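Have a look at the structure below before the remarks.
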Amino acid sequence: MGTLDGKVAFVTGAARGQGRAHAARLAREGADILALDVCGPLPDVSYDHATPEDLKETARLVEAEGRRVLTAECDVRDFGTMREFVAGGVTELGRLDVVVANAGICTPLPWDEVTPAVFANTLDINVTGVWNTVMASAHHLAGAGGGSIILISSAAGLKVQPFMVHYTTSKFAVTGMAKAFAVELAKDHIRVNSVHPTAVNTPMGTGTIQDVLGRAIEANPRPGAMFTNILPVEAIESEDVADTVAFLASDASKFITAHALAVDAGSTQY
Ligand SMILES: NC(=O)c1ccc[n+]([C@@H]2O[C@H](COP(=O)([O-])OP(=O)(O)OC[C@H]3O[C@@H](n4cnc5c(N)ncnc54)[C@H](O)[C@@H]3O)[C@@H](O)[C@H]2O)c1
């Protein structure tokens, strides 16, 4: 018996990385899954983009757990299409109980190389995209008698991560958004929390990111130490974050709301 038997969960950015791990983990706990991802190019990023095949693989992993899955190739910036997908999913799967707003981009740059377009793109995806996700789904949770909304922020949403003013700005906004939604949605028995991973081994950490950060630290070494974890690990795995997401999705956390939960190996306290 799983902690989410009979429930339905909606995960954005589900094609790969952490989103795939969340979809598979919530399915293992008994939930049917609505899995959404743009599956295509994203602005400013240097790492390879997710593909339709990636999203199909996530669906396969959910089905391997014996659960149903519906997928959509959709950008979280496209509120209308996302709202239709969620509404159609609720009609087909019967309800919605859990939302994981996970889709995001990360494009580190020293402060004076961040252009207006780079700043706007990050805010559009990482903040407005998360707001769109909640707005497309919260009333379905209310209709099911309550539920759990989990916003994926970052260690950069609790403590500055250097050489990414735009990303840090966006992730602090997500931290605040979780608390703000938690206050108003509590009357419908909906909990809203944010999750704050340290560096996670996913495709997001590939491309030129390490080179850009390396050069920025060389030119301005002091802030480089801000990435340090307390525990002796450089990065964690997607499944480690999925453990935290599964906890927040379940009744084991039924009195936890408006909380910022760091799965960060201690980095935000370092
Ligand atoms: N990897 C890390 O070190 C790390 C650390 C802390 C927080 N995070 C956050 O975790 C979340 C997941 O990141 P990840 O590491 O799995 O990265 P990832 O790039 O492997 O996966 C992100 C997924 O989101 C999708 N996505 C991005 N923008 C989208 C959009 N506009 N519409 C729909 N789908 C979109 C991508 O296609 C991709 O499949 C992000 O919000 C990220 O900011 C990552």
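Could you look through region 227-270, keep only residues that are exposed (fewer than 14 other Cβ atoms within 10 Å of the Cβ) and of a type in the set (S, T, N, Q), and pick out the one that is farthest from G17 (Cα to Cα)? Only one residue tops the list, namely Q269. Restricting attention to region 24-74, the residues being within 11 Å of the ligand (Cβ to nearest atom), closer than 19 Å to T133 by Cα and in a helix (DSSP H, G or I) number 1.
Within region 218-226, can one find any residue that is buried (at least 18 other Cβ atoms within 10 Å of the Cβ) and over 21 Å from R20 (Cβ atoms)? No, region 218-226 has no match at all.
Please go through (1) within 15 Å of the ligand (Cβ to nearest atom); (2) closer than 30 Å to F227 by Cα; (3) part of a helix (DSSP H, G or I) for V99 and return the number of the only condition it doesn't satisfy. So V99 meets the others, but not (3). Going by the structure shown, is T107 of a type in the set (S, T, Y) and not in a loop (DSSP other than H, G, I, E, B)? In short, no.
Going by the structure shown, is V241 in a helix (DSSP H, G or I) and farther than 20 Å from A262 by Cβ? Walk me through how you get there before you give the answer.
Details: in a helix (DSSP H, G or I): yes; farther than 20 Å from A262 by Cβ: no.
For V241, the condition - in a helix (DSSP H, G or I) and farther than 20 Å from A262 by Cβ - is not met.
Number of residues in region 176-204 that are within 12 Å of the ligand (Cβ to nearest atom) and part of a helix (DSSP H, G or I) equals 2. Candidates are the residues of region 135-161 that are in contact with a His (Cβ under 8 Å, 6 or more places away or on another chain) and of a type in the set (S, T, N, Q); the one that is nearest to the ligand (Cβ to nearest atom) is S154. Annotation note: Cβ proximity below 6 Å between a residue of region 46-69 that is touching a residue at least 40 places away in the same chain (Cβ under 8 Å) and within 18 Å of F10 (Cβ to Cβ) and a residue that is in a helix (DSSP H, G or I) and near the ligand (Cβ under 9 Å from one of its atoms) (sequence gap 6+ or interchain) occurs for T58/R20. Would region 81-95 turn up any residue that is surrounded by fewer than 19 Cβ atoms within 10 Å (Cβ to Cβ), under 23 Å from P197 (Cβ atoms) and within 15 Å of the ligand (Cβ to nearest atom)? Among the residues of region 81-95, not one is surrounded by fewer than 19 Cβ atoms within 10 Å (Cβ to Cβ), under 23 Å from P197 (Cβ atoms) and within 15 Å of the ligand (Cβ to nearest atom), which makes the answer no.
None of the figures in this text is laboratory data; all of them are computed from the coordinates on show. Because the structure is a prediction, the values reported are computed rather than measured. Every residue, glycine as well, gets a Cβ built from its backbone with ideal geometry; the counts of neighbours run over all protein chains shown.
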